[in-house]
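Undergrad: Mind looking over this structure? Questions follow.
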Amino acid sequence: MRIVVGITGGIAAYKAPELVRLLKKAGHEVRCAATEHALEFVTRTTLETVSQNSLYCDLFASGRTEHISLKDWGEMLVIAPATANIIGKVANGIADDALSTLLLAFSGKPVIMAPAMNCEMWAHPAVQRNIETLKSWGIRMVGPEEGELACGVSGVGRMAEPAAIAAAVYAAVQPQQLQGQHWLVTAGPTYERIDSVRFIGNYSSGKMGFALAQTLADAGAEVELVSGPTSLSINHPRIHRTSVESAREMYAAATEAFPRCNGAILSAAVADYRPSECTDHKLKKNGSEGMHLDLVQNPDILATLGSMKTSEQTLVGFALETDNEEANAQHKLEKKNLDYIVLNSLRDKGAGFGVDTNKVTIIGRNGSRKESPLMSKQEVAHLIIKTITL
C-alpha cells in the first residue's frame, strides 16, 4: 500500500524511523508528514532517508495544496506518536498545521493512531472523550501500553512498539481469513507456590503468546487467551483473556476451552513440577538446615489436548531446547500428537525469554520445515499464523 506516516511532537517520535523501516521492509511505499514540534525529536533528514521520499511539514510551502495531493496519493494514514494535541484537534475539527489539515482531508480511508502521552493526560476525561469520538469514526487505536514513561513515572501512555503498529497495518490490509473461527492461545509462565510468599517459576514474559493472540484476532478469529502471571496488557474486542497462576489452573482453562476451538497454540512456559505441599504461611529458616522440596509432576496440557484433538482441529506446541534441538522437537511433535511445533533454541542470541525478538523453526507433521531469521516477536507471530492456517 501507499502509506503516509504522520509524526507529532512527542518523545516517542524517535521510534518513527523504525516504524517506517518496518513498513518499507513489508513492501509498502511510505511518505512522512510531521508537525513542527515533531522535528524537535527526529530530523527531516532521517525521515526522508528512511522513507526515500520528501517530508511534508509546511502547509504553505511554495503555495502548494500538498495536504490534498498527499491525501489523494495515500491509501492509509498512520499517526505515531499521536499526542493528546493531535487527537483533540481531529476530534474537534481543527486544522491549523500540515498534519492536522491532512488528517481532516483524509476522509474515507483507513487511519491508525498510536497514542503516546503522560498517564495523567491519557486518563483525562477530555482525552478519553476524544478517543471515543475518533473510534466512532472508524479510526483504529493501537495502544497505548503500560510502562515507564519519559517523565520518569510508570503508567498507561507509552506508545506501542513499532512492530505492533506495523502489525496493525498488516491486519488492516489483510483479508479476515479466520473470520468465524475460534482459537486458544496460552501464554506466559506458571507460578507453583511453595508457601504464602515463594514460588517456583521461570523467565517467560508472555510476549510471544500475546503477539500470537493479537495476530489471530487481527485475522478475524475469536481468541481465548489463557495467560499466566505477566505485566502485559492487551486490548482487542475479539480477545477474551483468562488470567491464571498455576499449571493446574491453566490446564483447567485450556481443556475447557479447546473443544469449541478450531485450533490451539500453546506457547506458555508451563512448570513441569510443583511442590507436593504448599503452606499458607511463610516458611522460616530452621537453623543451618537447608530447605528440601518434594516435587510432583503437573498435568501435561499439550499431551492432553493432543489426545482430545479431532481431525478438524489444529494443535501447535512450542519447544524451547538447549541441545539436540530438532530431534527433541520432532519427538515432542509425534509423542503429543501435534500438527506443528515451533522450535526455539537458547543457543540463538536474541531469542527466548524476556526479549522482544525471536528466531524459530516451524516443523510440521507433514514434514514441512520453515526457519525464520531473528525478527520481532510480532513478525514471528505473523509467520507462524500464516504457516499453520494456509
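Residue-wise test of (1) acidic (Asp, Glu); (2) within 24 Å of Asn358 (Cβ to Cβ).
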{"residue": "Gly206", "(1), (2)": "no, yes"}
{"residue": "Leu216", "(1), (2)": "no, yes"}
{"residue": "Ala221", "(1), (2)": "no, yes"}
{"residue": "His240", "(1), (2)": "no, no"}
{"residue": "Ala247", "(1), (2)": "no, yes"}
{"residue": "Ile265", "(1), (2)": "no, yes"}
{"residue": "Asp272", "(1), (2)": "yes, yes"}
{"residue": "Met291", "(1), (2)": "no, no"}
{"residue": "Pro299", "(1), (2)": "no, no"}
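Undergrad: Within the stretch 242-265, count every residue that is without any contact (Cβ under 8 Å) to a residue 24 or more places away in the chain and more than 16 Å from Ser204 (Cβ to Cβ).
TA: Number satisfying all stated conditions: 3.
Undergrad: Then there is this: Has the stretch 256-265 got any residue that is in contact with a His (Cβ under 8 Å, 6 or more places away or on another chain) and closer than 27 Å to Val360 by Cα?
TA: Yes, the stretch 256-265 contains a residue that is in contact with a His (Cβ under 8 Å, 6 or more places away or on another chain) and closer than 27 Å to Val360 by Cα.
Undergrad: Please specify each residue of the stretch 43-77 satisfying the condition of being modelled with pLDDT of 90 or more and assigned to a helix (DSSP H, G or I).
TA: Arg44, Thr45, Thr46, Leu47, Glu48, Thr49, Val50, Ser51, listed by residue number.
Undergrad: Can you name the residue in the stretch 197-217 that is part of a loop (DSSP other than H, G, I, E, B) and open to solvent by less than 60 Å² (accessible area, probe 1.4 Å) and, of all such residues, is farthest from Val111 (Cα to Cα)?
TA: Out of the qualifying residues, it is Gly201.
Undergrad: Whether any residue in the stretch 130-138 is part of a loop (DSSP other than H, G, I, E, B) and either of a type in the set (S, T, N, Q) or out of contact with any His (no Cβ under 8 Å at 6 or more places or on another chain) (or both) is what I want to check.
TA: First pass over the stretch 130-138, keeping only residues part of a loop (DSSP other than H, G, I, E, B): 137-138.
With either of a type in the set (S, T, N, Q) or out of contact with any His (no Cβ under 8 Å at 6 or more places or on another chain) (or both) added as a condition, the list becomes 137-138.
Yes, the stretch 130-138 contains at least one residue that is part of a loop (DSSP other than H, G, I, E, B) and either of a type in the set (S, T, N, Q) or out of contact with any His (no Cβ under 8 Å at 6 or more places or on another chain) (or both).
Undergrad: Please find, among Val185, Val169, Val127, Val156, the residue that is in contact with a Gly (Cβ under 7 Å, 6 or more places away or on another chain) and not in a loop (DSSP other than H, G, I, E, B).
TA: Val185
Undergrad: Restricting attention to strands (runs of 3 or more DSSP E) lying wholly within the stretch 243-302, give those where 1 or more residues are more than 23 Å from Val223 (Cβ to Cβ), in contact with a helix residue (DSSP H, G or I) (Cβ under 7 Å, 6 or more places away or on another chain) and open to solvent by less than 80 Å² (accessible area, probe 1.4 Å). So that I can check it myself, show each step before the final result.
TA: Working: elements: 263-266, 273-275, 295-297.
Per the criteria, 273-275.
Undergrad: I would also like to ask the following. Take the conditions at pLDDT below 90, open to solvent by 10 Å² or more (accessible area, probe 1.4 Å), touching a helix residue (DSSP H, G or I) at 6+ places or on another chain (Cβ under 7 Å) and not in a strand (DSSP E or B) and apply them to Lys89. Does it pass?
TA: Numbers: at pLDDT below 90: no; open to solvent by 10 Å² or more (accessible area, probe 1.4 Å): yes; touching a helix residue (DSSP H, G or I) at 6+ places or on another chain (Cβ under 7 Å): yes; not in a strand (DSSP E or B): yes.
For Lys89, the condition - at pLDDT below 90, open to solvent by 10 Å² or more (accessible area, probe 1.4 Å), touching a helix residue (DSSP H, G or I) at 6+ places or on another chain (Cβ under 7 Å) and not in a strand (DSSP E or B) - is not met.
Undergrad: With respect to the numbered conditions (1) over 26 Å from the mean Cα position of the chain (by Cα); (2) exposed (fewer than 14 other Cβ atoms within 10 Å of the Cβ); (3) more than 25 Å from Arg129 (Cβ to Cβ), which one is the sole condition not fulfilled by Arg2?
TA: Among (1) over 26 Å from the mean Cα position of the chain (by Cα); (2) exposed (fewer than 14 other Cβ atoms within 10 Å of the Cβ); (3) more than 25 Å from Arg129 (Cβ to Cβ), the lone unmet condition for Arg2 is (1).
Undergrad: Consider the stretch 328-364. How many of its residues are farther than 21 Å from Leu232 by Cβ and at pLDDT below 80?
TA: Selection size over the stretch 328-364: 5.
Undergrad: Another question, if that's okay. Which one of the conditions (1) in contact with a His (Cβ under 9 Å, 6 or more places away or on another chain); (2) open to solvent by less than 10 Å² (accessible area, probe 1.4 Å); (3) closer than 21 Å to Cys57 by Cα does Met113 fail to meet, given that it meets all the rest?
TA: Here Met113 clears every test but (1).
Undergrad: OK, next. Give me the pairs: first residue in the stretch 297-318 and of a type in the set (Lys, Arg), second residue part of a strand (DSSP E or B), beta-carbon distance under 6 Å, and six or more apart or on different chains, which are they?
TA: Lys309/Leu315
Undergrad: Of the numbered conditions (1) within 19 Å of Met141 (Cα to Cα); (2) of a type outside the set (Val, Ile, Thr); (3) open to solvent by 10 Å² or more (accessible area, probe 1.4 Å); (4) not in a helix (DSSP H, G or I), Ala80 fails exactly one; give the number of that condition.
TA: All conditions pass for Ala80, except number (3).
Undergrad: Can you report the number of residues in the stretch 355-387 which are within 24 Å of Gly220 (Cα to Cα) and open to solvent by less than 50 Å² (accessible area, probe 1.4 Å)?
TA: Result for the stretch 355-387: 13.
Undergrad: Let me ask something else about it. Can you pull out every residue in the stretch 92-124 that is in a helix (DSSP H, G or I) and over 23 Å from Val169 (Cβ atoms)?
TA: Those that are in a helix (DSSP H, G or I) and over 23 Å from Val169 (Cβ atoms): Cys119, Glu120, Met121, Ala123.
Undergrad: Is the stretch 170-184 home to any residue that is touching a residue at least 60 places away in the same chain (Cβ under 8 Å), out of contact with any strand residue (DSSP E or B) (no Cβ under 8 Å at 6 or more places or on another chain), of a type outside the set (A, V, I, L, M, F, W, C) and open to solvent by 70 Å² or more (accessible area, probe 1.4 Å)?
TA: To start, the set of residues in the stretch 170-184 that are touching a residue at least 60 places away in the same chain (Cβ under 8 Å) comprises 170, 172-173, 177-178, 181-184.
With out of contact with any strand residue (DSSP E or B) (no Cβ under 8 Å at 6 or more places or on another chain) added as a condition, the list becomes 170, 177-178.
Now narrow it down to the ones that are of a type outside the set (A, V, I, L, M, F, W, C): 170, 177.
If we keep only those that are open to solvent by 70 Å² or more (accessible area, probe 1.4 Å) as well, we get 170, 177.
Yes - at least one qualifying residue is present in the stretch 170-184.
The values are calculated or read from the model by the stated rules, or taken from the named source; none is laboratory data. Since the model is a prediction, treat every value here as computed from it, not as a measurement. We place every Cβ from the backbone using ideal geometry, glycine too, and count neighbours over all the protein chains shown. Just the protein is used for accessible areas: all its heavy atoms, side chains included, with ligands, DNA and RNA removed. Shrake-Rupley method; radii C 1.70, N 1.55, O 1.52, S 1.80 Å.
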